[in-house]
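One structure is given here, and the rest of the page talks about it.
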Amino acid sequence: MRVDELDVALVSMPFGPLFSPSIGLSLLKAGLMRAGISSRVHYFTIDFAERVGAQFYLGVANGFRPALRNLPGEWIFSRALLGGSEDDARHYIETMLKRRPGKTSGSRRVLSDTVINRVLRARDFTEDFLERCVERVLRDRPRIVGFTSVFQQHTASLALAKRIKAASPSTFIVIGGANAESAMGAETVRQFGFIDAAVSGEGDLLLPELVRRVLAGESVEGMPGVRTRNSVEAELAANRFSNAPTVFRMDDLPYPDYDDFFEQFGASRFDRSWQPRIFFETSRGCWWGEKMHCTFCGLNGATMKFRSKSSPRAIDELLYLTERFEGCDVEVTDNILDLAYFKDFVPTLAGLDRHVELFYETKANLRKEQVRMLRDAGIRGIQPGIESLSDSVLKLMRKGVSALQNIQLLKWCKELGVEPRWNILWGFPGEVADEYRKMAKLTPLLSHLPPPDSFATIRLDRFSPNFFESEQLGFTDVQPMEAYSHVYRGLAPEAVRNLAYHFDFKYQQPQDVASYARPLAAALRKWQRDAGTSDLFSIDKGDHLILWDLRPIATKALTVLTGLERLLYLACDGVTDARQLATTLSRAPEEITALLEPFVARGLILQDGNRYLALAVALGDYSPAQPVIERFHHVVRDLGVASRRGIAVRWTGIARRREKPAPLPRLKPRPLTTARFSVDGSHVVIQ
């Protein structure tokens, strides 16, 4: 698109998403178009990544894992915004990037000298880069320039805004996004005079009217959610901030306009080797957060109210996006899946003649049939918000689920082919240290289930209950993370506090988190290492239930259950209490407890009070991966004897390792779902 004069330029700066368009800016552009307002989205993310390299860019954007607390993306542009000396740079490098993470974090690495040198070189690129950005933006002579600022985009956005205002003083500059919400936006306007307004909250309904007023020469003062220099002092003094109007009718939103991104991406060198992904939105807010805001969650801010699109609208939009941007992965932006979607959206998605794989955030208390429905609909990845395997810690988090429910979901996800992305958090005030010893003892039993992606001490984020209820929840001395003092060097401490999103803290009642979490951290690392070859699976033959235990802790590889024991184990597929089992199987509760005790002792069933959960994953929908197949074949050949039908492994009595393995027929390394298992007297025969 080329026009002589543009109404609005929308800008996404480093270190925003690289290989996907901004759904926020794309929705705003579509909304402006509806209002007859011309606009263009500039993805300077692509330009900067071409300069510094995609892998380095992604490392900064994703926090380099061990350096997430150190805000390298913000620091790279901080000199371009506020100035700074080489002594300042050395101090940041030595105190932040070379600091070794704690032993209870998900990584023990520090940033290498090579990466640190690339951080310094990227900082040296910023002046030339910003000059070219100014030229690109002002080429269309826009009346208004709008920035989105989320995660590590704030200093880059402000540095460019400063230069645009210097080159074109009449250009109206507005900033929005998570970094401009409430006090953060107010302080941004107060500290940086080149920002004319900051928008707090959703801009969909507000921006067209704000643009109309600016174009007409009218004032934007008094608009809900708009911070200006005339309003911020009073708002900061009162600590009260209005928000932009909330979108309640989600179906009224336009489809996001991603064309500018794909035009710019297609002109970049990344087009030859990278496939972009697109964002898809079906809801906003969080229905669980409306009831019980998880204490550590800083998402949503003042937009917690849950709203979702109707199923027909959501399906139509998905079909439009996947047809227009064929071949792109689709990532859902929702904070939580609407449970009503199991009635319409999910079944409709499963019935489409077009294969689309989606990723959703969910709650962990899904039923097994719901997990199956997600799988059948192509929702093959979920983030269920597990966070802990301790009931008492989960209560401190206000999660509304139990540890057994979390483990149950991990098992069903493995069985049904849905990948759960989850993590473990610790460091909540008042948590009992002994709970972490129990979790460390528990994890070897779970080594066959999907391990956590990461684990670490909690971070205290603005807009979370841990922040705005810090004293009530047991925190003290809540201060901006140390990295902010390097990013915003020279600003007053109060200003830095208002600009910060992440905070450090102390506990009102001291607790040695590093000490009591260390054994669990070690156990979780082992879980991550063992997960590829560990397994515990079952084959139900009607009269017999065959259990193969290939976990490192297994004391017996093969167990066969018959009669009441088989029924009992199958009944524990989901979390069940002893009374329910007694009623279902018409037995006395004492008999049920006695029958379950050996399974609990061998780690085949988990017990929590009167509740039980079987751990074996049923073979069928689930088919073990090749490393597990190879391990299974090794165990079978080690324990088995040759028979005319295959390899026979004794299941009654004690299975002893043979001193000299007899020649055995070699099993084909094929999926175990195609192998034939049968019970022949005291042996299980595998063909």
| query | Among LYS291/LYS363; LYS395/LYS438; LYS368/LYS399; LYS98/LYS441, which pairs are too far apart, with a Cα-Cα distance over 23 Å? | reply | LYS98/LYS441
| Using a Förster distance of 41 Å, how high is the FRET efficiency between THR674 and SER586, based on the Cβ-Cβ distance and rounded to 0.05? | 0.65
| Label points 7 Å out from Cα along the Cβ direction at ALA571 and ASP504: separation in nm? | 5.6
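Given the peptides 387-394, 357-364, 501-508, arrange them by the average over their residues of other C-beta atoms within 10 Å, most packed first.
387-394, 357-364, 501-508
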| request: Could you grab the Rg to Rh ratio for the range 475-515? Cα atoms only, Kirkwood for Rh. | output: 1.08
| query | Tell me, what is the FRET efficiency for ASP344 and LEU120 to the nearest 0.05, using R0 = 56 angstrom and their Cβ-Cβ distance as r? | reply | 0.55
| remark: Taking 0.36 nm per residue of separation between ALA495 and LYS305 and subtracting their Cα-Cα distance, the length gained on full extension comes to 65.5 nm
| remark: Compactness summary of the range 204-333: radius of gyration and Dmax from Cα atoms, Å, are 18.9, 53
| query | Setting aside same-chain residues fewer than 8 positions from LYS309, which lysines have a Cα under 17 Å from its Cα? | reply | LYS343
| task | Determine, from the Cβ-Cβ distance of ASP316 and ALA601 and an R0 of 41 Å, the FRET efficiency 1/(1 + (r/R0)^6), rounded to the nearest 0.05. | result | 0.15
| query | Going 7 Å from the Cα of ALA238 toward and past its Cβ, which residues in the range 167-186 have a backbone nitrogen under 18 Å from where you end up? | reply | 182-186
| Roughly how many debye, to the nearest 20, is the charge dipole of the chain about its Cα centre, given +1 on each Lys and Arg Cβ, -1 on each Asp and Glu Cβ, and no other charges? | 2560
| note | Burial-style ranking of 560-566, 224-230, average other-beta-carbon count within 10 Å with highest first, yields 224-230, 560-566
| Which of PRO465, LEU499, PRO451 sits closest to the plus end of the dipole of the range 448-517, meaning its Cα is farthest towards the positive end, when Lys and Arg get +1 and Asp and Glu get -1 on the C-beta? | LEU499
| Hey, what number do you get for the chain at 222 nm if only DSSP H runs of n ≥ 4 count, each worth -39500 (n - 2.57), divided across all residues, to the nearest 500? | -11500 deg cm²/dmol
| message | What does the extension gain come out to for ASP477 and THR593, with contour length at 0.36 nm per residue minus their alpha carbon separation? | response | 36.9 nm
| the chain - Cys residues lacking any other Cys C-beta under 4.7 Å | CYS133, CYS286, CYS328, CYS413, CYS572
| query | Along its principal axes, what span do the Cα atoms of the range 381-477 show, with the longest given first and each in whole Å? | reply | 44, 28, 21
| message | Can you tell me which lysines have their Cα less than 16 Å from the Cα of LYS556? Leave out same-chain residues fewer than eight positions away. | response | none
| said: How much length would be gained if the chain were fully extended between ARG136 and ARG398, taking 0.36 nm per residue of separation minus their Cα-Cα distance, in nm to one decimal? | reply: 89.5 nm
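Laboratory data are not the source of any read-out in this text; all were calculated from the coordinates shown. Predicted model, so just to flag it, every value in this text is computed and none were measured. Virtual Cβ from ideal backbone geometry, glycine too; neighbours counted across all protein chains shown.
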